[in-house]
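*Asks:* Handing you a structure now.
What follows is calculated from the coordinates using simple rules that are stated; it is not laboratory data. As the structure is a prediction and not an experimental result, all values here were calculated from the model. Using ideal geometry, Cβ is built from the backbone for each residue, glycine included, and neighbour counts are taken over all protein chains shown.
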Amino acid sequence: MNEAKGVIFDMDGVLADNHFEQRAAWKKVVAEAGLGELTPEHFNMYAGRRNEEIFAGLSQGKLSKEKIDEFSQKKEIYYRKLATNSLMPVEGLVRFLLHLKEKGYKMAIATSAPPENVELILNKFRISDIFSSIFDAKDVVNGKPHPEIYQRAAMSLNLDPKDCYVFEDSRSGIKSAKAAGCKVCAPLTGLTKQEALEEKPDLIIENFEDARLYEMF
């Protein structure tokens, strides 16, 4: 068993097995914006960050704020259109969430996604009643890897970050959670094992079927 009292989940790649849909939407909108072709290195670098930061980085300051807002909205429309019918939870997720709820853990979501995407996933997986609080891209000033979102998520559970375990699948997300003082488990949905090891999470799992989770929580 660990000493955590709360569990905080990232969403894309952690709750939802949706990297295919996310990458397809990004490739389409980046091509429309005339920003070239996205590489695996781009996805690795920008995963977990907010749309405006990604577009600013890809365009190197060439896109206005208005254009960034326009393309950000387009990207999410493309994503939701792709994801509505194909979206699936990461393997073992729902069973693990119900286990945590039964054990009395406080739970929250901390994601860089917009609220419409959060609603889509919660409703589709029927897990809306699991979480005590939800923080999305509109709720924080500083996006990941800044620790703000995990600090605020822990605070919303009336817990110190050190008493929270975070599930994160991106470099920026792991950095954010560690900087907040949380322990981190990295599902290998967004990173290779070597990439995850480089970020030094407390635990690495393939998915939520890992038996160690039921020994820890």
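*Asks:* Could you line up Ile77, Ile130 from fewest to most neighbouring Cβ atoms inside 10 Å?
*Replies:* Details: Ile77 13, Ile130 18.
The most exposed by this proxy come first: Ile77, Ile130.
*Asks:* Students often forget the sequence filter, so: which lysines lie under 17 Å Cα-Cα from Lys183 once same-chain residues fewer than 8 apart are removed?
*Replies:* Of all the lysines, those that pass the test against Lys183 - Cα under 17 Å, at least 8 places apart if same chain - are Lys5, Lys106, Lys144, Lys162, Lys175, Lys200.
*Asks:* For region 17-70, run through the GluC sites (Glu not before Pro) and keep only the ones in DSSP coil with at most 16 other Cβ atoms within 10 Å of their Cβ.
*Replies:* Taking region 17-70 and a limit of 16 other Cβ atoms within 10 Å, the loop GluC sites (Glu not before Pro) found are Glu37.
*Asks:* Where the eigenvalues come from the Cα gyration tensor of region 19-86, what are the semi-axes √(5λ) of the equivalent ellipsoid, largest first, in whole Å?
*Replies:* Three semi-axes, in Å: 18, 14, 10.
*Asks:* Something else now. What number, in percent, do you get for the relative contact order of region 57-195 if the mean sequence gap of Cα pairs under 8 Å and at least 6 apart is divided by its residue count?
*Replies:* Relative contact order comes out at 17 percent.
*Asks:* If you don't mind, there's one more thing I want to ask. For Lys67, go through the aspartates and glutamates and keep the ones whose alpha-carbon is under 19 Å away, minus same-chain ones fewer than eight residues off.
*Replies:* Glu32, Glu37, Glu52, Glu53, Glu76
*Asks:* Next up: Provide the gained length on full extension for the span Lys193 to Glu41, in nm with one decimal, where the gain is 0.36 nm per separating residue minus the Cα-Cα distance.
*Replies:* Working it through step by step, the gained length comes to 53.2 nm.
*Asks:* Would you please calculate the Kirkwood hydrodynamic radius of region 72-148 over all C-alpha pairs and express it in Å, rounded to one decimal? Could you put the intermediate results ahead of the total?
*Replies:* Values: mean 1/r = 0.0721 Å⁻¹.
This gives a value of 13.9 Å.
*Asks:* Nearest-5 percent of antiparallel DSSP beta bridges in the chain?
*Replies:* Antiparallel bridges make up about 5 percent of those DSSP assigns within the chain.
*Asks:* Evaluate the distance, in nm, between pseudo-label points positioned 7 Å from the Cα of Met155 and of Glu52 along their respective Cα→Cβ axes.
*Replies:* Roughly 2.0 nm, to one decimal.
*Asks:* To the nearest 20 debye, what is the magnitude of the charge dipole of the chain about its Cα centre, counting +1 on the Cβ of each Lys and Arg and -1 on the Cβ of each Asp and Glu? All intermediate terms of the calculation are to be shown ahead of the outcome.
*Replies:* Working: 30 positive and 34 negative charges, 52 e Å.
Here the chain has a charge dipole of around 240 debye.
*Asks:* I need the phi-derived Karplus couplings for region 73-88: 6.51 cos²θ - 1.76 cosθ + 1.60, θ = phi - 60°, integer Hz, Gly and Pro marked x.
*Replies:* Each residue's phi maps through the Karplus curve to give 5, 4, 4, 5, 5, 4, 4, 5, 5, 6, 7, 3, 9, 9, 4, 9 Hz.
*Asks:* Work out from phi, with θ = phi - 60° and the Karplus expression 6.51 cos²θ - 1.76 cosθ + 1.60, the ³J(HN,Hα) of each residue of region 26-42, listed in order in whole Hz, and give x for Gly and Pro.
*Replies:* 5, 4, 5, 6, 5, 5, 4, 7, x, 9, x, 10, 6, 10, x, 5, 4
*Asks:* State the volume of the convex hull built on the alpha-carbon positions of the chain, expressed per residue in Å³ and rounded to an integer.
*Replies:* Considering the Cα atoms of the chain, their hull volume per residue is 107 Å³.
*Asks:* Quote the FRET efficiency, to the nearest 0.05, computed for Asn85 versus Asp129 with a Förster distance R0 of 25 Å and r equal to the Cβ-Cβ distance.
*Replies:* 0.60
*Asks:* Which far-off residues, 5 or more places away or on another chain, put their amide H under 5 Å from the one on Ile109, with H placed in the peptide plane?
*Replies:* Amide H neighbours of Ile109: Phe9, Ser133, Ile134, Phe135.
*Asks:* Tell me which of Phe71, Met45, Thr84 sits at the most positive position along the dipole axis of region 19-86, charges placed on C-beta atoms (Lys, Arg +1; Asp, Glu -1).
*Replies:* Of the listed residues, the answer is Thr84.
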